[in-house]
Amino acid sequence: MTDGSQLQPADDKAKTTMYRPGPEGGLEAGAPEVADYRDQLRSRRWDAAPLENPEVEKTDPRIAVGALVLLAAVTFVVIAVGYGVGLWSMPA
């Protein structure tokens with residue numbers, strides 16, 4: 001009978017290696033996954049340029065959230081004023 005210790009990996013980190021068919025019919029370890037997903041979008045065949053857009057500047061998250069809050073506030077005011085003035089009304 002086994003006590004289960006043979007089923008545990010030698011260290012705490014169990015590694016999973018993906019294998020693919022090799023050129024001579026055997027199996028070879030696959031390349032490790034690339035951390036940047038954009039590298040997978042580039043063509044390996046033509047060695048395409050990196051996916052970058054230098055013309056776009058990143059927006060500060062505080063400005064983006066502020067713009068959405070402002071849009072929501074303006075929408076609320078327009079709806080509230082529209083009901084108050086009588087431009088439209090709730091169906092009875």
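The values are calculated or read from the model by the stated rules, or taken from the named source; none is laboratory data. Just so you know, these numbers come straight off a predicted model, no measurement behind them. Please note: Cβ atoms are built from the backbone with ideal geometry, for glycine as well, and neighbour counts cover all protein chains shown.
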* To do: Would you please name the residue that is nearest to ASP36 (Cα to Cα), looking only at residues in the range 60-85 that are under 22 Å from the mean Cα position of the chain (by Cα) and either among the aliphatic types (A, V, I, L, M) or surrounded by 10 or more Cβ atoms within 10 Å (Cβ to Cβ) (or both)?
  => ALA64
* To do: Would you check if there is a residue in the range 43-58 being among the basic types (Lys, Arg) and at pLDDT below 85?
  => yes
* Asked: Residue check: is SER89 surrounded by fewer than 10 Cβ atoms within 10 Å (Cβ to Cβ), modelled with pLDDT under 75 and either touching an Asp or Glu at 6+ places or on another chain (Cβ under 9 Å) or part of a loop (DSSP other than H, G, I, E, B) (or both)?
  -> no
